[in-house]
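Novice: Next up is a structure, given as structure tokens.
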């Protein structure tokens, strides 16, 4: 979600599934709270909904958004469920539209892994040489390290050769072996368990391992053990570019440099049906709805399918104080802080559990505050003016989530990331 590595530089606003705009927000200092909207937690429902509307409409103007779909619940009661703007010119966005969910699927992988732990099929400290002995450091890297991003494996999504190939053909369906080859064309970043660095490679491998452990294809396991028990009715997996109707369309300028579009020349292309399975394990390339995203926030945020110990292992701030920004693996390596730390497949910001995919012209946030049972789901698309002359886009659904979170929980808001 945050950045491609391109000629050694971090590029914000490009296609990534990492925990929603973390580096972009840190680098660009996006505001934690939008101006012009205030409400107390005890405000009348209509006043609170109006304040959320103000947050969204302000963001649409200042961040050049084409559409915003938002749903907020508290104690299972709907605070607001609205769509703003257009999916395509002349076609209003609606709350039943489908869009890719990106790294939200990683929260389902973490849930599935811990279900297997609860069933005593595996332990978090099991090393992966049990299933994939030929991977680097396989006898030292554990299932937990894959899920919490401490393996040291390099991210294929930051490899310049992979970036060039993906931007040349955004419809390509990437195989596991193709991505594995790109990932390990470079050395590991650090010794297993000695630092923190986000890598799609970790989840790609974890997905393959979970399918082996469960004895079924990953999409089948996720449906049977996670999606269906959570009550998700609008989430579907596909290895193709299919998006169920009605579709929230997206547009981007991110290929401007890759295609050699000169600065000053307008460039804005539809990206709705680009293949987005490049960043997820085989069997976890999903589309969803705003209702399912809000439901997922609650189900994951409460650990509805897990034992108490597994829920704590997945969501507690266990890594706070771990890791450092080692120059040898910059900018991937970083220290875990209260403002941003990583669980098993899900990040945490203060007391909030969240996920924030940003890819191919879409930006989303899914968040939950356990103490006040607040769930926030946001999906947005962008206007041409959101992109700069390099095709980069610093805007994100993350800022809307943080503004709504501060509105509803002023005593426990999502902390600013920069």
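Novice: Hey, can you tell me all the residues within the stretch 159-178 that are without any contact (Cβ under 8 Å) to a residue 24 or more places away in the chain and either crowded, with 18+ Cβ neighbours inside 10 Å or in contact with a strand residue (DSSP E or B) (Cβ under 7 Å, 6 or more places away or on another chain) (or both)?
Specialist: The one that is without any contact (Cβ under 8 Å) to a residue 24 or more places away in the chain and either crowded, with 18+ Cβ neighbours inside 10 Å or in contact with a strand residue (DSSP E or B) (Cβ under 7 Å, 6 or more places away or on another chain) (or both): 162.
Novice: Scan the stretch 226-240 residue by residue and report those that are in a loop (DSSP other than H, G, I, E, B) and crowded, with 19+ Cβ neighbours inside 10 Å.
Specialist: Within the stretch 226-240, 232, 235 meet the criteria.
Novice: Still on this structure, please answer the following. Run down 275, 285 and say which single residue is at pLDDT below 95 and under 18 Å from residue 363 (Cα atoms).
Specialist: Checking each option against the conditions leaves just 275.
Novice: Still on this structure, I have one more. It is to be established whether one or more residues within the stretch 312-331 are touching a strand residue (DSSP E or B) at 6+ places or on another chain (Cβ under 7 Å) and closer than 30 Å to residue 268 by Cβ.
Specialist: Checked against the condition, which is being touching a strand residue (DSSP E or B) at 6+ places or on another chain (Cβ under 7 Å) and closer than 30 Å to residue 268 by Cβ, the stretch 312-331 yields at least one hit.
Novice: Could you tell me whether any residue of the stretch 406-417 is in contact (Cβ under 8 Å) with a residue 24 or more places away in the chain, within 15 Å of the chain's Cα centre (by Cα) and outside any loop (DSSP other than H, G, I, E, B)?
Specialist: So far as the stretch 406-417 goes, no, none of its residues is in contact (Cβ under 8 Å) with a residue 24 or more places away in the chain, within 15 Å of the chain's Cα centre (by Cα) and outside any loop (DSSP other than H, G, I, E, B).
Novice: Can I ask one more? Between 38, 42, 111, 80, which is modelled with pLDDT of 95 or more and either surrounded by fewer than 23 Cβ atoms within 10 Å (Cβ to Cβ) or part of a strand (DSSP E or B) (or both)?
Specialist: Residue meeting the stated conditions: 80.
Novice: Sticking with this one: Give the residues of the stretch 365-392 that are buried (at least 18 other Cβ atoms within 10 Å of the Cβ) and under 21 Å from residue 314 (Cα atoms), sorted by residue number.
Specialist: Passing the criteria: 365, 366, 367, 368, 369, 374, 375, 376, 377.
Novice: Under the condition of being in contact with a strand residue (DSSP E or B) (Cβ under 7 Å, 6 or more places away or on another chain), more than 19 Å from residue 54 (Cβ to Cβ) and surrounded by fewer than 21 Cβ atoms within 10 Å (Cβ to Cβ), which residue from the stretch 393-416 is modelled with the lowest pLDDT?
Specialist: Out of the qualifying residues, it is 394.
Novice: Can I ask one more? Among residues belonging to the stretch 333-349 that are buried (at least 21 other Cβ atoms within 10 Å of the Cβ) and without any contact (Cβ under 8 Å) to a residue 60 or more places away in the chain, point out the one that is nearest to residue 157 (Cα to Cα).
Specialist: So, considering only residues that are buried (at least 21 other Cβ atoms within 10 Å of the Cβ) and without any contact (Cβ under 8 Å) to a residue 60 or more places away in the chain, the one nearest to residue 157 (Cα to Cα) is 341.
Novice: For the list (1) assigned to a loop (DSSP other than H, G, I, E, B); (2) closer than 20 Å to residue 332 by Cβ, I need the number of the one condition that residue 145 fails.
Specialist: It is condition (1) that residue 145 fails.
Novice: Looking for something surrounded by fewer than 18 Cβ atoms within 10 Å (Cβ to Cβ), out of contact with any helix residue (DSSP H, G or I) (no Cβ under 8 Å at 6 or more places or on another chain) and closer than 22 Å to residue 114 by Cβ - is there at least one such residue anywhere in the stretch 142-158?
Specialist: no
Novice: If a residue has to be surrounded by fewer than 24 Cβ atoms within 10 Å (Cβ to Cβ) and in contact with a strand residue (DSSP E or B) (Cβ under 7 Å, 6 or more places away or on another chain) to count, how many in the stretch 256-282 make the cut?
Specialist: Residues that pass the stated criteria total 5.
Novice: Do you know which residues across the stretch 311-332 are more than 28 Å from residue 188 (Cβ to Cβ) and buried (at least 20 other Cβ atoms within 10 Å of the Cβ)?
Specialist: Result: 311, single match.
Novice: Checking the conditions here, which among 313, 304, 330 is in contact (Cβ under 8 Å) with a residue 60 or more places away in the chain and farther than 18 Å from residue 203 by Cβ?
Specialist: 304
Novice: On the given criteria, is residue 353 within 15 Å of the chain's Cα centre (by Cα), at pLDDT below 95 and under 30 Å from residue 225 (Cβ atoms)?
Specialist: Judged against the criteria, residue 353 is not a match.
Novice: How many of the residues in the stretch 373-405 are part of a helix (DSSP H, G or I) and either over 19 Å from residue 338 (Cβ atoms) or touching a helix residue (DSSP H, G or I) at 6+ places or on another chain (Cβ under 8 Å) (or both)?
Specialist: Number satisfying all stated conditions: 9.
The values are calculated or read from the model by the stated rules, or taken from the named source; none is laboratory data. What you see is a predicted model, and the numbers here were worked out from it, not measured in a lab. As a convention, Cβ positions derive from the backbone with ideal geometry for all residues, glycine included, and neighbour counts pool all protein chains shown.
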